[in-house]
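The structure appears below as C-alpha coordinates.
The values are calculated or read from the model by the stated rules, or taken from the named source; none is laboratory data. Because the structure is a prediction, the values reported are computed rather than measured. In this analysis, Cβ positions are derived from the backbone assuming ideal geometry, glycine residues included, and neighbour counts consider all displayed protein chains.
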Amino acid sequence: MADDMDITVSTVVGVPIDEVFAYLCDPENRYAAWPSLLEATDFQPLPKGGYQFRFTFCVGPAKYRGTSRDAEHVPQERIVTHVRGGVSGSVTYECETVDDGNTRLTVRSQLRVAEPLMVEFAKTLISRHQKWELDSVLNNLKTALENHRSRQGRC
(Lines give C-alpha, C1' and ligand atoms only; values in the text may rest on other atoms or scores of the structure.)
Protein backbone atom coordinates (compact mmCIF):
# COMPACT_ATOMS: atom_id res chain seq x y z
CA MET A 1 0.00 0.00 0.00
CA ALA A 2 1.29 3.47 -0.83
CA ASP A 3 0.95 6.58 1.31
CA ASP A 4 0.08 10.02 -0.06
CA MET A 5 1.74 13.27 0.97
CA ASP A 6 0.37 16.67 -0.05
CA ILE A 7 2.51 19.67 0.96
CA THR A 8 2.24 23.28 -0.24
CA VAL A 9 4.62 26.18 0.44
CA SER A 10 4.46 29.76 -0.81
CA THR A 11 6.48 32.99 -0.73
CA VAL A 12 6.57 36.40 -2.39
CA VAL A 13 9.53 36.98 -4.70
CA GLY A 14 10.65 40.54 -5.48
CA VAL A 15 10.68 39.83 -9.23
CA PRO A 16 7.98 40.31 -11.92
CA ILE A 17 6.01 37.24 -12.97
CA ASP A 18 7.45 37.07 -16.50
CA GLU A 19 10.99 36.81 -15.11
CA VAL A 20 9.97 34.21 -12.51
CA PHE A 21 8.24 32.05 -15.11
CA ALA A 22 11.13 32.36 -17.58
CA TYR A 23 13.50 31.26 -14.82
CA LEU A 24 11.31 28.26 -13.94
CA CYS A 25 11.09 27.23 -17.60
CA ASP A 26 14.82 26.49 -17.62
CA PRO A 27 15.00 22.96 -16.15
CA GLU A 28 18.51 23.49 -14.77
CA ASN A 29 17.26 26.44 -12.69
CA ARG A 30 14.15 24.64 -11.46
CA TYR A 31 15.83 21.42 -10.42
CA ALA A 32 19.00 23.04 -9.00
CA ALA A 33 16.72 24.31 -6.21
CA TRP A 34 16.00 20.78 -4.91
CA PRO A 35 18.55 19.88 -2.18
CA SER A 36 17.83 16.14 -2.32
CA LEU A 37 17.94 15.81 -6.09
CA LEU A 38 21.19 13.92 -6.61
CA GLU A 39 21.05 13.80 -10.38
CA ALA A 40 18.87 14.99 -13.24
CA THR A 41 19.78 13.78 -16.74
CA ASP A 42 18.48 13.29 -20.26
CA PHE A 43 16.52 16.57 -20.42
CA GLN A 44 14.34 16.57 -23.52
CA PRO A 45 12.12 19.50 -24.55
CA LEU A 46 8.44 18.71 -25.10
CA PRO A 47 6.44 19.96 -28.11
CA LYS A 48 3.95 21.98 -26.00
CA GLY A 49 6.56 23.40 -23.63
CA GLY A 50 8.37 22.00 -20.65
CA TYR A 51 10.73 19.05 -20.39
CA GLN A 52 11.03 15.40 -19.48
CA PHE A 53 14.06 13.88 -17.76
CA ARG A 54 15.40 11.11 -15.51
CA PHE A 55 16.31 11.73 -11.87
CA THR A 56 17.78 10.27 -8.70
CA PHE A 57 16.34 11.68 -5.46
CA CYS A 58 17.18 10.75 -1.89
CA VAL A 59 15.23 10.80 1.36
CA GLY A 60 17.67 9.98 4.14
CA PRO A 61 19.46 6.79 3.14
CA ALA A 62 16.83 5.81 0.55
CA LYS A 63 17.45 6.64 -3.11
CA TYR A 64 14.64 6.79 -5.63
CA ARG A 65 15.11 6.75 -9.39
CA GLY A 66 12.42 7.87 -11.73
CA THR A 67 11.25 10.03 -14.58
CA SER A 68 9.66 13.45 -14.61
CA ARG A 69 7.55 15.00 -17.36
CA ASP A 70 6.00 18.47 -17.48
CA ALA A 71 2.33 17.65 -18.06
CA GLU A 72 0.95 21.18 -17.97
CA HIS A 73 2.75 24.34 -19.04
CA VAL A 74 0.64 27.53 -18.84
CA PRO A 75 2.87 30.59 -19.44
CA GLN A 76 3.01 33.12 -16.58
CA GLU A 77 0.75 30.85 -14.51
CA ARG A 78 1.90 27.29 -13.74
CA ILE A 79 3.99 24.26 -14.55
CA VAL A 80 2.73 20.84 -13.43
CA THR A 81 5.28 18.03 -13.47
CA HIS A 82 4.32 14.36 -13.19
CA VAL A 83 6.82 12.10 -11.44
CA ARG A 84 7.04 8.32 -11.82
CA GLY A 85 9.27 5.79 -10.10
CA GLY A 86 9.83 4.94 -6.41
CA VAL A 87 8.07 8.23 -5.71
CA SER A 88 5.08 9.05 -7.94
CA GLY A 89 2.73 12.01 -8.17
CA SER A 90 3.11 15.64 -9.18
CA VAL A 91 4.90 18.88 -8.37
CA THR A 92 3.17 22.15 -9.27
CA TYR A 93 4.84 25.55 -9.57
CA GLU A 94 2.29 28.39 -9.59
CA CYS A 95 2.98 32.08 -10.19
CA GLU A 96 0.66 34.98 -9.34
CA THR A 97 1.28 38.73 -9.57
CA VAL A 98 0.89 40.51 -6.22
CA ASP A 99 1.42 44.07 -4.97
CA ASP A 100 4.14 46.24 -6.52
CA GLY A 101 4.76 43.84 -9.43
CA ASN A 102 6.14 41.10 -7.19
CA THR A 103 5.26 37.44 -7.68
CA ARG A 104 3.74 34.91 -5.31
CA LEU A 105 5.48 31.61 -6.03
CA THR A 106 3.73 28.51 -4.72
CA VAL A 107 5.19 25.00 -4.90
CA ARG A 108 2.91 22.03 -4.22
CA SER A 109 4.12 18.47 -3.94
CA GLN A 110 1.55 15.66 -4.17
CA LEU A 111 3.54 12.48 -3.91
CA ARG A 112 2.95 8.82 -3.24
CA VAL A 113 5.78 6.73 -1.84
CA ALA A 114 5.52 3.21 -3.22
CA GLU A 115 7.22 1.45 -0.31
CA PRO A 116 5.31 -1.65 0.79
CA LEU A 117 3.90 -1.56 4.32
CA MET A 118 5.54 1.77 5.21
CA VAL A 119 5.35 2.08 8.99
CA GLU A 120 3.97 5.25 10.58
CA PHE A 121 7.43 6.37 11.73
CA ALA A 122 8.85 6.18 8.22
CA LYS A 123 5.81 7.97 6.80
CA THR A 124 6.20 10.79 9.34
CA LEU A 125 9.94 11.03 8.67
CA ILE A 126 9.47 11.21 4.90
CA SER A 127 6.65 13.74 5.27
CA ARG A 128 8.84 15.98 7.45
CA HIS A 129 11.70 15.61 5.01
CA GLN A 130 9.44 16.58 2.11
CA LYS A 131 8.22 19.69 4.00
CA TRP A 132 11.84 20.67 4.64
CA GLU A 133 12.64 19.95 1.00
CA LEU A 134 9.85 22.21 -0.31
CA ASP A 135 10.78 25.00 2.11
CA SER A 136 14.36 24.72 0.83
CA VAL A 137 13.24 24.68 -2.82
CA LEU A 138 11.16 27.81 -2.31
CA ASN A 139 13.98 29.61 -0.47
CA ASN A 140 16.54 28.56 -3.11
CA LEU A 141 14.29 29.73 -5.97
CA LYS A 142 13.54 33.05 -4.25
CA THR A 143 17.24 33.71 -3.56
CA ALA A 144 18.31 32.72 -7.07
CA LEU A 145 15.58 34.81 -8.72
CA GLU A 146 16.23 37.92 -6.65
CA ASN A 147 20.02 37.62 -7.07
CA HIS A 148 19.66 36.96 -10.79
CA ARG A 149 17.56 40.11 -11.15
CA SER A 150 20.03 42.27 -9.20
CA ARG A 151 22.83 41.20 -11.60
CA GLN A 152 20.91 41.99 -14.78
CA GLY A 153 22.32 44.93 -16.67
CA ARG A 154 25.71 44.66 -14.97
CA CYS A 155 28.90 43.78 -16.85
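Scanning segment 90-135 for residues that are aliphatic (A, V, I, L, M), assigned to a helix (DSSP H, G or I) and modelled with pLDDT under 80 turns up Ala122, Leu125, Ile126. So which residues in segment 30-49 are closer than 30 Å to Asp100 by Cβ and at pLDDT 90 or above, if there are any at all? If the condition is that a residue be closer than 30 Å to Asp100 by Cβ and at pLDDT 90 or above, then Ala33 is the only one that fits. Tallying residues that are surrounded by fewer than 16 Cβ atoms within 10 Å (Cβ to Cβ) and touching a residue at least 12 places away in the same chain (Cβ under 8 Å) within segment 44-55 yields 4. In this structure, Thr143 does not qualify as closer than 12 Å to Ile7 by Cβ and either assigned to a helix (DSSP H, G or I) or modelled with pLDDT of 90 or more (or both). Regarding segment 29-46, can at least one residue be identified that is under 20 Å from Gln130 (Cα atoms), hydroxyl-bearing (Ser, Thr, Tyr) and in contact with a helix residue (DSSP H, G or I) (Cβ under 6 Å, 6 or more places away or on another chain)? Yes; the residues of segment 29-46 include at least one that is under 20 Å from Gln130 (Cα atoms), hydroxyl-bearing (Ser, Thr, Tyr) and in contact with a helix residue (DSSP H, G or I) (Cβ under 6 Å, 6 or more places away or on another chain).
Can you name the condition, by its number, that Thr41 falls short on among (1) hydroxyl-bearing (Ser, Thr, Tyr); (2) exposed (fewer than 15 other Cβ atoms within 10 Å of the Cβ); (3) in contact with a Cys (Cβ under 7 Å, 6 or more places away or on another chain)? The number of the failed condition is (3). Any chance you could count how many residues in segment 45-63 are in a strand (DSSP E or B), more than 16 Å from the chain's Cα centre (by Cα) and over 20 Å from Phe21 (Cβ atoms)? Here the count works out to 2.
Looking at segment 66-97 only, could you name the residues that are aliphatic (A, V, I, L, M), in contact (Cβ under 8 Å) with a residue 24 or more places away in the chain and more than 16 Å from Val9 (Cα to Cα)?
Of everything in segment 66-97, those that are aliphatic (A, V, I, L, M), in contact (Cβ under 8 Å) with a residue 24 or more places away in the chain and more than 16 Å from Val9 (Cα to Cα) turn out to be Val83, Val87.
Take the conditions surrounded by 17 or more Cβ atoms within 10 Å (Cβ to Cβ), over 20 Å from Lys131 (Cβ atoms), within 13 Å of the chain's Cα centre (by Cα) and acidic (Asp, Glu) and apply them to Asp26. Does it pass? No: the conditions fail for Asp26. Filter segment 6-42 for residues that are outside any helix (DSSP H, G or I), more than 16 Å from Val80 (Cα to Cα) and either of a type in the set (Asp, Glu) or free of Cβ contacts under 8 Å to residues at least 60 places away in the same chain (or both) and give the result. Once the filter is applied, which keeps residues that are outside any helix (DSSP H, G or I), more than 16 Å from Val80 (Cα to Cα) and either of a type in the set (Asp, Glu) or free of Cβ contacts under 8 Å to residues at least 60 places away in the same chain (or both), segment 6-42 yields Leu37, Leu38, Glu39, Ala40, Thr41, Asp42.
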